[in-house]
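A quick write-up on the structure given underneath.
Computed from the coordinates by the stated procedures, all read-outs in this text should not be read as laboratory data. Keep in mind it's a predicted model, so treat the numbers as computed, not measured. As a convention, Cβ positions derive from the backbone with ideal geometry for all residues, glycine included, and neighbour counts pool all protein chains shown.
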Amino acid sequence: VAATPALAQKWKDNPQVKALYAKAKAEGEVNLWGPTRLGMDWIQGELDKVFPGIKIKMTPDLAATTKIIAEARAGKHSVDAYSFALGYFVPLVQRDLMAKVDYAGLWGVDPKNTFFESKAAATHNLVYSFVYNEKLVKESELPRTWTDLLHPRWKNRLTASSFLLPNVCAYLALSWGEERATKLCRGFVNDVNALATRAPREAIISQGERHASIAEFTANAEVWRIQQGLPIRWSPMTPTMAAQFVIGALKNAPHPNAAQLLAGWLATDEGKLARERERYDVDVREGTPSALGKKLRAQLGGEILIEDTANMERRAVLSTRMSEIISGQRK
């Protein structure tokens, strides 16, 4: 049964949540691992508003999944809760390292927003978009589709993350078929000479070396514009693709109650909206509580390719192939 707005609010008065909080507060702390500090450092202030007295100890590490597995093999368990992209949870679930959390019954989370038999729950999406220097790109030039970027007007004006661009092409391969997406991917390199780089694109765009980036997350563009004051904006593309990020509690968490509490709260509508306020990360799944998420879904007519357990492995394989094209390893 899908969580209704009324059900989604009930966790605040739920005696089981109150009891869980009391136990979590007695534990006093929770060890949260995730990919970046920027994605986690907002949580403490927001958690304190609803569940004060629990200190979050953050460990940012892009290789966190591998390290959690290595710790488990050594009989060590230091992680309570884990936040990362959906695919990074698969090896942990396969090794039975993730705990079940009653996201639906206790926290009012729609079961459609849980994964691996309630061992993870959706928190936010990183939405791919076209990001541009508003001083150098006219509104009339803004592309609507990915193929629009092969127009001659974009030659020598585009950059892209050498990590994110293959992902975009891989998502398009899932939607269009590999042949058509591969042709587009080659077009970015050969026809418009897009600069694929690991360097910070915000500097390249804001300084005018290139005028726009093919594939960036909307949240990053908002940070660059609002927090850094750069003349950078984003524009949605059709179809739009979105990486899926989730939260989970570890089965052998040293602070099991705090782990369950933090994971559950981050998956609620309130947790999602707090993240959007503080970090600009948006939920674009069906039933999103986000005004921006609803607007994007309406604007794009449902053409949003969201990473899920059915497509993530195929997408990863395709991304590797597209990366070889972009880097010149594969013709």
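Between LYS183 and ALA85, the distance separating the two model label sites (each 7 Å from Cα on the Cα→Cβ line) works out to 2.7 nm.
Of all lysines in the structure, the ones whose alpha carbon falls short of 26 Å from that of LYS18, not counting any fewer than 8 places away in one chain, are LYS10, LYS49, LYS55, LYS57, LYS100, LYS112, LYS119, LYS251, LYS272.
Averaging 1/r over every pair of different alpha carbons in the range 1-141 and inverting the result gives a Kirkwood radius of 17.5 Å.
Taking 0.36 nm per residue of separation and subtracting the current Cα-Cα distance, fully stretching the chain between TRP42 and ALA63 would add 5.4 nm.
So, R0 is 41 Å and r is the distance between the beta-carbons of PHE163 and ASP13; what FRET efficiency does that work out to, to 0.05? Write down the numbers at each step before the final one.
Details: r = 44 Å, r/R0 = 1.07.
FRET efficiency, PHE163 to ASP13: 0.40.
Between GLN207 and LEU300, the distance separating the two model label sites (each 7 Å from Cα on the Cα→Cβ line) works out to 3.1 nm. When only Cα pairs below 8 angstrom with a gap of at least 6 residues are kept, the chain shows a relative contact order of 26 percent. Ignoring lysines fewer than eight residues from LYS138 along the same chain, the ones with Cα atoms less than 25 angstrom from its Cα are LYS155, LYS295. Computed over the chain, the convex hull of the alpha-carbon atoms projects to a mean area of 16.9 nm².
Stokes-Einstein, applied to the Kirkwood radius of the range 164-270 over Cα pairs at a viscosity of 0.692 mPa s and 37 °C, places its translational diffusion at 194 µm² s⁻¹.
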